[in-house]
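These notes concern the structure reproduced below.
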Amino acid sequence: MSNFARKAALAIGAVALVATGVGAIGGLALGASLSTLGATTVGIAGVGSLSVSTLATISSVAGMVASMTAKRPSSSGAGSQTSFKADPDAAVPYVVGETQVSGNIVYWKSHGPDENPYQTITTILSGCGPIAGIDQTVMDGDDINFAGGIYGPYAIGGKNRIWQDAQMGIRPEPAQLSTGVGVPPGWTSASTLPSLAATQLTMLYDAKGDDTLVSTPKMAWRGRYVLAYDPRLDDTYPGGSGPCRALQEDTYVFTRNGPLHALTWAIGRWEGGKRMGGIGSPIDAVDVASFVEGANWADANGWTCDGQVDLAKGKWNNLKLFLQAGGCEPVWQGARLACLVRKPRVVLGTIPRSDIVGDATLPQMQTRRDRINSVIPRYRSADHDYEMVDAGAVSVAAAVTADGDTRTRRIDYGLVQCSAGDTPDQAAALAYLDAAAAREAGPIVLPLKPRWIGARFGDCWILPEGMGDLSGKIALIRERSLDPVKGHPTLTFLTEDMSKYPIALAQVGVPAPITEPSTPSEPGAPDAGSWSVSAGSGSVPSLIIAGECESSNAMWIEFAYRPVGASDWSDQVTVRADSKGKEITGLASGGSYQVGIRYLRAFNGETPWLILGPVTVGTLTASSAATADTATNAGNAAQLGGTYTAADITAILNRLDAADIP
């Protein structure tokens, strides 16, 4: 109950004291107490005429205010279902639907010869087994498969490094988990884990080996988890067909339906006559038909319920989470727990003004803070490793226009999950319904004639004349009470705009953006505009490379050349990054060549080659060697081992050309 509702309860207590004459407060009138409740009463008598029916009216208002101002279900009670952690004080997780969890580590020991190379880890995934199955093991975000699927060894670098055993949580569990590797200390035949879905891993660490484990990887397991009671599959339930039975857990079935998990949680999870989880209400104290209505509505819309809660904490919060995923909420109808389904309904008629037998209580305007018009839904995303993420904001367009701005609230839908590659339509639809519900008026409390005693919560009626702006509006019965003296029922309504449902169901959710892990960028080849190559103009065949390095990350430049048609570079020369080029000689006379240029960088290594050309170099002829005293010819003569005439050099060159020797 919210703080506002607590204050309302105190106001009711004060009014009751005045009515009995005990602890009377001077000058306190009923109108003042209702003002505290945020409501206006039409035609109220003074305190002296306060009746039991009036007190019932006040109680109805307080109850309705409590439900309207109560906190939304929190998804933080079970912590992060994706955190592979060891917490000895953590409650046993309770996992519904089809999802991925990392569980809670309850055993972690090193063992084995030579510095304890083995580490054995036992992890509880969910209580209240048996579960439907563990389908996939995930290590550091990647799916892995053991030799036996989820059992046996897993090899890294060709050698078995990890072993796994798993159990679904049958009752009783015939033996303890065992990977068959070594003897984990303290883990004996008495270490069975009945009714708990769990895994055991043994990991081999070898600091001296290759392709070995050097740290504990983050583990997770995808599966289909706890089973639930489905009255639709129960022969003993009106309209049901099948062997499923309430409180007989060996007949339960796997489902992803939120209202069915809520019903199962409401009647409790039992083992050997002991409640292991849930609320544990007698089934006669639960309006089963209303939960079946919610289950059918969720199935019709394709809404599922997937995720983790705590088995022993937040029982009422968990119930609200299960129902929230199905577009429902829990309500009390007297002493019975019921499910209120948010869906379109048939309007049964108009309430006659003459049927109102007492003072009607009408609502005042909600505060600006509560009259939101937009919701940012948070949902669980398979595309984000099953973390909770924000979808795009969902707005009630007419309300945004009326308000003149956007009034946004972030709401967690802790058991609403979006499959990989899909859009979060379910989260968007529920967010729209929540935003639209904030615009409804209530509570509206009407004391009516005895013939209304059969009216049910969830029924829709049109409000009568004489109620101001509310006249002619559709209203939904949220609560009802009975005047034990006069037998008059008092019904509490909330206005219901039916147009919100088709808009909600047409919502297409905007998924959270997917951020890929950053990887080092691949370096590009040198800029072709920074370099050029041409044939040398001298009498000796050569290539002239000219240019300037444009990369600030380059430390060295590598030049190379090759004849056209060759795949390998003939020669490579490395120079400093501030070099302006290079002349390459020793080439075949008249040959065609390609030149390669690349940078050597401090980071990301070498760039790809920039390939320039082809370029045809000059031809060495007799006329170019005619002057023996030129520097070039003198060099040629020196290379040939002495001083030769021009004719001698020409003859030698002709013989070299004939032998194709450059």
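If a spin label sat at a point 7 angstrom from the Cα of residue 283 along the line to its beta carbon, the backbone N atoms of segment 333-357 nearer than 19 Å would be those of 336-339. Placing a label point 7 Å from the Cα of residue 371 along the Cα-to-Cβ direction, the residues of segment 421-457 whose backbone N falls under 18 Å of that point are 434-444.
For the pairs 315/343; 320/343; 473/500, flag any whose C-alpha to C-alpha distance is greater than 21 Å. Violating the 21 Å Cα-Cα cut-off are 315/343.
Across segment 229-341, the mean sequence separation of Cα contacts (distance under 8 Å, 6 or more residues apart), normalised by length, yields a relative contact order of 24 percent. Between residue 592 and residue 548, the FRET efficiency from the beta-carbon distance, with R0 = 22 Å, is close to 0.25.
In this label model, residue 206 and residue 580 are separated by 5.9 nm, measuring between points 7 Å along each Cα→Cβ vector. Packing, taken as the mean count of other beta carbons within 10 Å per residue, orders the peptides 263-272, 447-456 from highest to lowest as 263-272, 447-456. Between residue 530 and residue 316, the FRET efficiency estimated from the beta carbon spacing at R0 = 51 angstrom works out to 0.10. The label-point distance for residue 506 and residue 346, in a model that sets each label 7 Å from Cα toward Cβ, rounds to 2.5 nm.
Cβ under 13 Å from residue 353's Cβ, residue 353 left aside: what net charge do those residues give with Lys, Arg +1 and Asp, Glu -1? After counting each charged neighbour, the total is -1. Taking a ≥ b ≥ c as the square roots of the Cα gyration tensor eigenvalues, segment 367-440 comes out prolate, since a/c reaches at least 1.5 and a/b is larger than b/c. Take 459-466, 434-441, 226-233, 553-560 and order them by the average number of nearby Cβ atoms within 10 Å per residue, most first; the result is 226-233, 434-441, 553-560, 459-466.
3J(HN,Hα) along segment 341-352: 8, 8, 8, x, 9, 7, 7, 7, x, 10, 6, x Hz, from the Karplus curve 6.51 cos²θ - 1.76 cosθ + 1.60 with θ = phi - 60°, whole Hz, x for Gly and Pro. Highest mean packing comes first when the peptides 301-312, 565-576, 104-115 are listed by Cβ atoms within 10 Å, giving 301-312, 104-115, 565-576.
What number do you get for segment 300-369 when its Cα radius of gyration is normalised by 2.2 N^0.38 Å, N = residues?
Details: Rg = 17.8 Å, N = 70, 2.2 N^0.38 = 11.1 Å.
In units of the 2.2 N^0.38 Å rule of thumb, it is 1.61.
Can you tell me how segment 229-341 classifies by the Cα gyration tensor, rounded, prolate or oblate, using a/c under 1.5 as the rounded cut? It comes out rounded by the Cα gyration axes. Within segment 367-397, list the residues whose amide N lies under 16 Å from a label point set 7 Å along Cα→Cβ of residue 83. It comes to 386-389, nothing else.
Distance between the 7 Å Cα→Cβ label points at residue 651 and residue 474: 11.6 nm. Rounded to the nearest 0.05, the FRET efficiency derived from the C-beta distance between residue 170 and residue 403 at R0 = 45 Å is 0.20.
Every number here is computed from the coordinates shown, using simple stated rules; none is lab data. Only a predicted model underlies this, so the values are computations on that prediction, with no experimental measurement involved. Note that we place each Cβ from the backbone using ideal geometry, even for glycine, and neighbour counts take in every protein chain shown.
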